[in-house]
Amino acid sequence: MILVAAALVSMLAVAQPPARPPQTDQTEAVQRGMRLTVDNFAGEVVIHTWDKDAVRVQARHHGRTRVNVRRTGGGLSISASGEMGPSAVDYDITTPVWMPVKITGTYDFVTVDGAQNEISAETVRGDIVIKGGSAFVTAKTVEGEVTVEGARGRINVSSVNQGIKITDSSGDVTADSVNGEIVMTKMDAKSVAASTVNGDITYDGALADGGRYEIATHNGNILMAVPESSNATFSVRTYNGDLNSSLPVKGGNPREAHQGKRVTLTLGNGSADVELESFGGTIRLRRSENVRRREP
């Protein structure tokens, strides 16, 4: 039996060819103040970071495709050209952690992991995953999911036909979808503007004193989970749904919310302004068990 097993392992090793090496492998020195721009028609764009002041570009592509790495006035530009027009390229790029990154494409799956500066990723069809980012973080797709984790600053994300997930992030958040749900957890946002037509919306995290939070869905439910120690004024309206709360709020009658009337409820001193609206869904106010720690 041992000999048979060994033979099978040997056959499998022969049957599985080694991973194809990249056709392009190029490293360029960079300096602070430079920006990376990637324009890719189709494929994958994966960005990693390291502690070197250099950008390494590894790419897998058709033999007749040429990857162009060019220095521009403001930084480094990466694109590809083929003999027969736009080509599919899979990029694995390593950048300094400080370097701003901008990625645009049409049929791209994008992952940015570890960058701690501005990040912008836009595609028509494909998922976007961003881990990190500060100042301005933008992720937009039409047919794809958006995931943002550990971002700080102005966060602007959208997906027309799929969902959005934002976690462990802080700053000012704008999230828009049409046919997807929006889930925000471990949040410490100063302001939120989140809307979708056919999905649920969840916000689980802290509310800043003086902050503004606007959450609206047409055919979905809303869950707002915040610490009991929060200071907020909730303005709530639903037409065909219900309002229920397990927070120690004071004020209007929750039963009136389903009639389309605006119900105002106060938690603590009411400092933050929270507007919640759903045409056909239920709105729930809950105590958060999952709050991101505020940074000193």
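The values are calculated or read from the model by the stated rules, or taken from the named source; none is laboratory data. It should be emphasised that the depicted structure is a prediction, and the values quoted were computed from it without experimental measurement. Every residue, glycine among them, receives a Cβ derived from its backbone with ideal geometry; neighbour counts consider all protein chains shown.
Count, please, the residues in the stretch 151-170 that happen to be surrounded by fewer than 20 Cβ atoms within 10 Å (Cβ to Cβ) and farther than 22 Å from residue 198 by Cα.
4
Of all residues in the stretch 66-92, count the ones that are closer than 27 Å to residue 156 by Cα and surrounded by fewer than 15 Cβ atoms within 10 Å (Cβ to Cβ).
Result for the stretch 66-92: 3.
Starting from residues that are hydrophobic (A, V, I, L, M, F, W, C) and either at pLDDT below 95 or touching a Phe, Trp or Tyr at 6+ places or on another chain (Cβ under 8 Å) (or both), keep the ones in the stretch 35-44 and report whichever is nearest to residue 120 (Cα to Cα).
Among residues in the stretch 35-44 that are hydrophobic (A, V, I, L, M, F, W, C) and either at pLDDT below 95 or touching a Phe, Trp or Tyr at 6+ places or on another chain (Cβ under 8 Å) (or both), the one nearest to residue 120 (Cα to Cα) is 38.
Evaluate the following for residue 115: is it part of a strand (DSSP E or B) and of a type outside the set (Phe, Trp, Tyr)? So that I can check it myself, show each step before the final result.
On the way: part of a strand (DSSP E or B): no; of a type outside the set (Phe, Trp, Tyr): yes.
In short, no.
Of all residues in the stretch 26-44 being among the small types (Gly, Ala, Ser) and assigned to a strand (DSSP E or B), which is nearest to residue 131 (Cα to Cα)? Before you say what the answer is, go through the steps one by one.
Step one: list which residues in the stretch 26-44 are among the small types (Gly, Ala, Ser), which gives 29, 33, 42-43.
From what's left, assigned to a strand (DSSP E or B): 29, 42-43.
Details: 29: 24, 42: 22, 43: 20 Å.
Ranking the qualifying residues of the stretch 26-44, first place goes to 43.
If you take the residues in the stretch 29-55 that are charged (D, E, K, R) and over 14 Å from residue 101 (Cα atoms), which one is surrounded by the fewest Cβ atoms within 10 Å (Cβ to Cβ)? Quick ask: steps written out before the conclusion?
Of all residues in the stretch 29-55, those charged (D, E, K, R) come to 32, 35, 39, 44, 51-53.
The next check asks that each one be over 14 Å from residue 101 (Cα atoms); those that pass are 44, 51-53.
On the way: 44: 18, 51: 7, 52: 14, 53: 14.
The selected residue is 51.
Which ones in the stretch 153-209 are under 23 Å from residue 108 (Cα atoms) and small (Gly, Ala, Ser)?
Correct list: 158, 159, 163, 175, 177, 180.
Can you tell which of 226, 178, 192 is surrounded by 16 or more Cβ atoms within 10 Å (Cβ to Cβ), touching a residue at least 12 places away in the same chain (Cβ under 8 Å) and under 17 Å from residue 148 (Cβ atoms)?
None of the other options fit; the residue is 192.
Quick one: would you say residue 136 is touching a residue at least 40 places away in the same chain (Cβ under 8 Å), on the phi < 0 side of the Ramachandran plot and either in a strand (DSSP E or B) or in the same structural domain as residue 177 (by TED's automatic domain parsing) (or both)?
On the way: touching a residue at least 40 places away in the same chain (Cβ under 8 Å): no; on the phi < 0 side of the Ramachandran plot: yes; either in a strand (DSSP E or B) or in the same structural domain as residue 177 (by TED's automatic domain parsing) (or both): yes.
For residue 136, the condition - touching a residue at least 40 places away in the same chain (Cβ under 8 Å), on the phi < 0 side of the Ramachandran plot and either in a strand (DSSP E or B) or in the same structural domain as residue 177 (by TED's automatic domain parsing) (or both) - is not met.
What are the residues in the stretch 93-116 that are of a type in the set (S, T, N, Q), farther than 13 Å from residue 140 by Cα and over 15 Å from the mean Cα position of the chain (by Cα), if any?
94, 95, listed by residue number.
How many residues are in a strand (DSSP E or B) and not hydrophobic (A, V, I, L, M, F, W, C) when one looks only at the stretch 159-201? Before the answer, list the steps.
Filtering the stretch 159-201 for residues in a strand (DSSP E or B) gives 159, 164-167, 170-177, 182-196, 201.
Applying the additional criterion that residues be not hydrophobic (A, V, I, L, M, F, W, C) yields 159, 165, 167, 170-172, 174, 176-177, 185-186, 188, 190-191, 195-196.
Selection size over the stretch 159-201: 16.
For the stretch 148-158, how many residues are under 17 Å from residue 185 (Cβ atoms), touching a Gly at 6+ places or on another chain (Cβ under 9 Å) and assigned to a strand (DSSP E or B)? So that I can check it myself, show each step before the final result.
Here is the first cut: in the stretch 148-158, the residues under 17 Å from residue 185 (Cβ atoms) are 148-152, 155, 157.
Checking which are touching a Gly at 6+ places or on another chain (Cβ under 9 Å) leaves us with 148-152, 155.
Imposing the further condition that a residue be assigned to a strand (DSSP E or B) reduces the set to 148-149, 152, 155.
Qualifying residue count, the stretch 148-158: 4.
Just checking, which of 210, 132 is surrounded by fewer than 24 Cβ atoms within 10 Å (Cβ to Cβ) and more than 14 Å from the chain's Cα centre (by Cα)? Give the derivation first.
On the way: 132 fails: more than 14 Å from the chain's Cα centre (by Cα).
The unique qualifying residue is 210.
Working carefully through the options 95, 106, 111, find the one that is in contact (Cβ under 8 Å) with a residue 24 or more places away in the chain, surrounded by fewer than 22 Cβ atoms within 10 Å (Cβ to Cβ) and in contact with a Phe, Trp or Tyr (Cβ under 9 Å, 6 or more places away or on another chain).
Details: 95 fails: surrounded by fewer than 22 Cβ atoms within 10 Å (Cβ to Cβ); 111 fails: in contact with a Phe, Trp or Tyr (Cβ under 9 Å, 6 or more places away or on another chain).
One residue alone meets the criteria, 106.
Identify all residues within the stretch 196-207 that are crowded, with 19+ Cβ neighbours inside 10 Å and out of contact with any Leu (no Cβ under 9 Å at 6 or more places or on another chain); write none if there are none.
Scanning the stretch 196-207 gives 196, 199, 205, 206.
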